[in-house]
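**Q** After the structure tokens below, expect a handful of questions from me.
Rule-based calculations on the coordinates, nothing more; no lab input. Keep in mind that this is a model prediction, so the values were computed, not measured. Ideal geometry is used to build each Cβ from the backbone, glycine not excepted, and the neighbour counts take in all protein chains shown.
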Amino acid sequence: MATTLADDLRPLHHPHSWVTRYVWSQDHKVIAIQYSCTAIGIGLVALVLSALMRLQLGFPGAFPAIQPDNYLQFVSMHGMIMVVYLLTALLLGGFGNYLIPLMIGARDMVFPFVNMLSYWFYLLSVIVLVAGFFVPGGPTGAGWTLYPPQAISEGTPGHQWGIVTMLVSLAIFVAAFTMGGLNYVTTVLQARTKGMTLMRMPLSVWGIFTASVMGLLAFPALFVAAIMMLFDHLAGTSFFMPTMQSMGAITPTEGGSPLLFQHLFWFFGHPEVYIVALPAFGIVSDLISVHARRNIFGYRMMVWAIVIIGALSFLVWAHHMYVSGMNPYFGFFFATSTLIIAIPTAIKVYNWLLTLWRGDIHLRVPMLFAIAFIFTFIHGGLSGLFLGNVSVDVPLSDTFFVVAHFHMVMGVSPVLVIFGAIYHWYPKIFGRMWNDTLGKVHFWITFLGVYAIFLPMHYLGILGVPRRYYALGETAFIPQSVHLANAWISVAALIVFCAQGLFFFNMIWSLFRGPRADPNPWGAASLEWQTPDTPPAHGNWGAKLPVVYRWAYDYSVPGAARDFIPQTEPRTELGA
Amino acid sequence: MPVAVAIAMLVVGSVAFHLFSPWWRTPIASNWGSIDSALDVTLWICAAAFVGLNLFLAWTLVKYRHRPEYRGLRHKAHYEPENASLEKRLTFWTAIGIAGMLAPGLAAWGKYVSVPHEATVIEAVGQQWQWSFRYPGPDGVLGAAGVKFVTQDNGLGLDPLDPYGRDDIVVESGDLHLPIGKSVKIVLRSKDVLHDFYVPEFRAKMDLVPGIVTYFWLTPTKTGTFDILCAELCGTGHHAMRGKVVVEDPKAFARWQAQQTSFGQILAEAPPAAMSILIIKANACSTPASWSIR
């Protein structure tokens, strides 16, 4: 057990002015909101890019402003923004920052100043990223995977400056994440309040904690890959550049290995999937438990599943490279490790279902999103087994099946959790309640819409329709019906796109006009709902840190007066 | 309640979509039926899990939904932190399912990585944004080649000093012809960036990586003309990088092959100036030694 109550004696950094309170803030809650707003802001750019892509795919030729180079730039920037600058930043920088200290009973992160720096580095990385849209040649169009040699060769949009801003931005992001990640890990290990043992922590904290550890191990691979490619591009080195032809001439580069980059990229890239997924797994577990009024089923199994998934995710990266030209015998190992990871993942799904089973399910908006997540995650997880199963991947790789799979599993699913989590914690964060009807309309359009978008894409992929194509053109095996499907998918995508306006309106309107929220509107047992103030004040806990006597999932305990027992409630002789 | 109905309807809808949608695999034209069957096994196991888990979800949402107090009876959740035996059983059956789909997957991969000895070697060369091909000629051996040898007259970069290359048949930006029923090892080489040789009807595909030679193999089983696409993003012309493969009976294939030009003929017809550029390139030692494909 970490030292705890002694923290009370440590002076907190107290803000003295509006600027130190809200701009150069060292309060984890303000930093969380800064992170979240920046992430959602840049996420909106990615959303607009996806709408532009769908316009081109659904109605090729109808928008002459969208040319092949623009299209590839939209594809690349959409992917990178969503994966790194939205999902990672929002789940770890946003939710991680907000929830960790409150859920473990700390007054703040252990390094508040570094935490502040983390945000400002993140903001800088976003600014450099956005600068890519304004440099000569525009942002990179090399795909979000940035594979060399094309990323820095003629024939790829943004190979002059767009790739430079992208790589520099990624390097800054990794620096920002390292500062944040070290903070999250240290805070969880060192700043838990009295009684908050590791095995009493809510699964949200477990998910964020494990993802942070993974990030600290995985992001350096991306960092070195980015720096090496910058050298290749700006200093003429040949880390990733073989002798090749470019614009009719032989390049002076020699001996570099494009596959080396792919290994580095995916050594980061696959854990990255789980860096996004594990916080979402944790958060959704808490949402389901609270709104089903039932303890999370198999808590210890859930914790171990998170840890095992985190560890195994470092052993599966080359399943992105089955047809990359690497030694094909790797396929046996990586297919096996990839399919093994499905077992702890399946256990998580079972335990979510078994938490609902025999529960007292309140179908409030956050719960609806959590349920939708279970559905989309089952779908996306299962389609992953096709792609992990090496030989089955051969016909499907680089087709729309891949697009459908990863959007379902790491696009739609975490985003549904994020929506659920925002609806869930909004009353605590802002002390106001959102509009229920708007929330439900937003849920229904989003949930049904995304399924209409991505279900047909699996089938287009099985047919063989390739991804990252500006236009399908005249291709014998692609019937007219595919073009029709593309048009309908685009219509669904645009409807979902517009429906997000409801969410933003609801959140912003409720901030000013929403009714005052109850400090614990859902009757949740975990610590963040037991703060003396709502929204929690600087320092979170008033005069004295809370003391924890039980796990975070005492719902509907037999013999208890209410259907939940807060973690701060001492055990009585009844044992309840 | 509506969400339970929606989940159930989505399950039914997905199954119906699977059964009635017009999009499924293209008719197979190669020996890779084992890949198709591995996909089928994976699909059936996954479909069972998808239907089972989601219908359980829908049923649970109906059965255990919150209901207001009725005649003093309050619906209350069951308190049960864990059930080790249930979790163990679920883990066991999941592992069985996983093994069930992994086995055919790995078995098919085992074939994919073992090229039969009798397979003839044919080279496909990618560049932004077109396909070219090379056949080994009567000696059955592809001559050494590398991007450093490329000149106007030697588009595929064959080493002019390698005698094995003289009889190689060069098909620049033309169609690939394959005889039906004969195994071919397709070796892949890129002159510039990454590409991927992709014929949906063959099922097989593989990336072209500049600097190394990659390969895969197949046996065409159906005559006809199929599209070759590029499946690895290679720049603005990626979607337009097309070729055609013609699978024909051995006689037609031999007739076609007899009409093609060999590298020796190209050299013979090249003007002396072009020839000297070729030789200078071949002797230049500033670039690394080329790799040869035998």
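**Q** Once both labels are modelled 7 Å past Cα along the beta-carbon direction, what's the residue B:182-residue A:509 spacing in nm?
**A** Taking the two extended label points, one gets 7.2 nm.
**Q** Other chains' Cβ within 10 Å of A:375-386 residues: what's the mean?
**A** That works out to 5 on average.
**Q** Given just the C-alpha atoms of the protein assembly as shown, how large is their convex hull per residue in cubic angstrom?
**A** Hull volume normalised by residue count: 159 Å³.
**Q** If you wrap segment A:396-511's Cα atoms in a convex hull and average its projection over all directions, what's the area in nm²?
**A** For the Cα atoms of segment A:396-511, the hull's average projected area reads 7.7 nm².
**Q** Right, another one. Mind scanning B:191/B:244; A:194/B:88; A:428/B:88; A:440/B:76; A:428/A:544 and naming the pairs with a C-alpha gap bigger than 28 Å?
**A** A:194/B:88; A:428/B:88
**Q** Now a separate question. How would you classify segment B:120-283 from its alpha-carbon gyration tensor, with a ≥ b ≥ c the square roots of the eigenvalues: rounded for a/c under 1.5, else prolate if a/b is greater than b/c, otherwise oblate?
**A** Cα axes put segment B:120-283 in the oblate bin.
**Q** Still on this structure, please answer the following. Taking the Cα centroid of segment A:182-259 and of segment B:110-152, what is the distance between the two, rounded to the nearest whole Å?
**A** Here the two parts' Cα centres lie 36 Å apart.
**Q** If you don't mind, another one. Would you give the gap between the C-alpha center of segment A:153-169 and the C-alpha center of segment A:57-75, rounded to a whole Å?
**A** 19 Å
**Q** Give me the percent relative contact order of chain B, please, defined on Cα pairs under 8 angstrom at least 6 residues apart.
**A** 20 percent
**Q** What is the ratio of the Cα radius of gyration of segment A:250-344 to 2.2 N^0.38 Å, with N the residue count, to two decimals?
**A** That ratio works out to 1.46.
**Q** Per DSSP helix of 4 or more residues, -39500 (n - 2.57); summed, then divided by the residues of chain A. What does that give at 222 nm, rounded to the nearest 500?
**A** Rounded to the nearest 500, the figure is -19500 deg cm²/dmol.
**Q** Using alpha-carbon positions, what is the distance between the centroids of segment B:221-243 and segment A:463-496, in Å?
**A** 16 Å
**Q** Now for a different question. Where does each of A:54, A:516 land when they are ranked from fewest to most other beta-carbon atoms within 10 angstrom?
**A** Ascending Cβ contact count within 10 Å gives the list A:516, A:54.
**Q** Under a point spin-label approximation (7 Å from Cα along Cα-to-Cβ), what is the residue B:111-residue A:488 distance to one decimal in nm?
**A** 3.5 nm
**Q** Any chance you could give the angle, 0 to 90 degrees and rounded to 10, that helix A:436-463 forms with the longest Cα principal axis of chain A?
**A** In chain A, helix A:436-463 runs at an angle near 30 degrees to the longest axis.
**Q** With axes computed from alpha carbons, what is the tilt in degrees of helix A:258-291 against the longest principal axis of chain A, rounded to the nearest 10 within 0 to 90?
**A** 30 degrees
**Q** Using 7 Å Cα-to-Cβ label points, what is the residue B:255/residue A:48 separation (nm, one decimal)?
**A** In this crude spin-label approximation the distance works out to 6.0 nm.
**Q** Per the Cauchy relation, a quarter of the hull surface: what is the mean projected area of the convex hull of the alpha carbons in segment A:309-418, in nm²?
**A** 7.4 nm²
**Q** Can you check what the net charge comes to around residue B:156, using other residues whose Cβ is under 10 Å from the Cβ of residue B:156 (Lys, Arg +1; Asp, Glu -1)?
**A** Summing Lys/Arg as +1 and Asp/Glu as -1 gives 0.
**Q** Could you give the angle, 0 to 90 degrees to the nearest 10, between helix A:299-312's Cα long axis and the longest principal axis of the Cα atoms of chain A?
**A** 30 degrees
**Q** Moving on. Pick from B:212, B:228, B:180: which is most flexible by mean-square fluctuation in a GNM of chain B where alpha carbon atoms under 10 Å apart are linked?
**A** Comparing B:212, B:228, B:180 in the GNM, the peak value goes to B:212.
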